[in-house]
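Values quoted throughout were computed directly from the atomic coordinates according to the rules given, and no laboratory measurement underlies them. Just so we're clear, the structure is a prediction, and the values are computed from it rather than from any experiment. Note that we place each Cβ from the backbone using ideal geometry, even for glycine, and neighbour counts take in every protein chain shown.
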Ligand code: HEC
């Protein structure tokens, strides 16, 4: 008899705990800590952080992954300095020139023209005016200058840092140097391959000069 009472009470208690559960409402949380985050939300507003939110700015002087620091200023003086002191750190290989040509035809030729004479399709259709020829005698076109204008743009020309990475900008630069030389009737850049062929000792560490190893994921 005692056992029967106990089991009846147990069944009643069990039913009263589960019976009135309303499926349209959230159930009781016995240990809410298990469900509700106790940590700070990244972009939530909290007075205790110096800038009002948990997400902090990168430490001063941080350099994003894949980004190459560029020391020349975005100014006329910066451009002049780049023109005289900035040099291409990559070897002039056929591969670099070929990639440079491809990229040039994607990004630059619409204005500057395939030959660099300032006769791009936008100029021919009179959509864009004032594009100089690379052979314009009043302009001093050097490798540093070509790279610099891709970094910052120049007046109505925009910057190309979000479309190209460091190696790609130098590849484009090499192609522009060759276009400029062709327009002026000068000799193109000497290929590294040709220098090595001509070298009698022959051991200049050609493997080290290859630019393949550079990662291509800059794009910022
Ligand atoms: C929207 C048209 C346009 C595009 C696209 C463009 N440029 Fe230009 N570029 C210009 C104009 C305009 C100038 C002349 C700027 C000035 O001197 O005021 C110029 C000037 C230049 C110069 C001469 C700089 C100097 O020192 O005088 C170089 C080199 C150059 N561009 C390279 C490039 C390269 C490389 C690309 C592709 C990555 C490119 N441009 C894409 C419009 C363009």
- Computed over the chain: longest principal axis from alpha-carbon atoms vs helix 2-18 long axis, angle to nearest 10 degrees, is 40
- Message: Checking the a/c ratio against 1.5 first, then a/b against b/c, what shape does the Cα gyration tensor give for the range 76-204?
- Response: prolate
- Kindly provide the helix-only [θ] at 222 nm of the chain, computed as the sum of -39,500 (n - 2.57) over DSSP H runs of four or more divided by all residues, to the nearest 500 deg cm²/dmol? -11500 deg cm²/dmol
- Task: Measure nothing fancy, just the Cα-based angle from helix 76-85's long axis to the longest principal axis of the chain, in degrees from 0 to 90, nearest 10.
- Result: 70
- Message: Just to verify a number: FRET efficiency for residue 35 and residue 68, C-beta to C-beta distance, R0 = 41 Å, to 0.05?
- Response: 0.35
- For the chain, with a Gaussian network of springs between Cα atoms less than 10 Å apart, report the residue from 36, 80, 143 with the top mean-square fluctuation. 36
- Chain lengthening between residue 3 and residue 196 when straightened (0.36 nm per residue, less Cα-Cα): 59.5 nm
- Query: Assuming R0 = 30 Å, what is the FRET efficiency of residue 162 and residue 126, from their Cβ-Cβ distance, to the nearest 0.05?
  - Reply: 0.60
- Message: Test of understanding: in a Gaussian network model of the chain with alpha carbons linked when under 10 Å, which of 55, 135, 109 would top the mean-square fluctuation ranking?
- Response: 55
- Query: Looking at the square roots a ≥ b ≥ c of the eigenvalues of the Cα gyration tensor of the chain, which shape do they give, rounded for a/c under 1.5, prolate if a/b is larger than b/c, or oblate?
  - Reply: prolate
- Message: Ranking request for peptides 189-196, 95-102: highest mean number of other beta-carbon atoms within 10 Å first, then the rest in descending order.
- Response: 95-102, 189-196
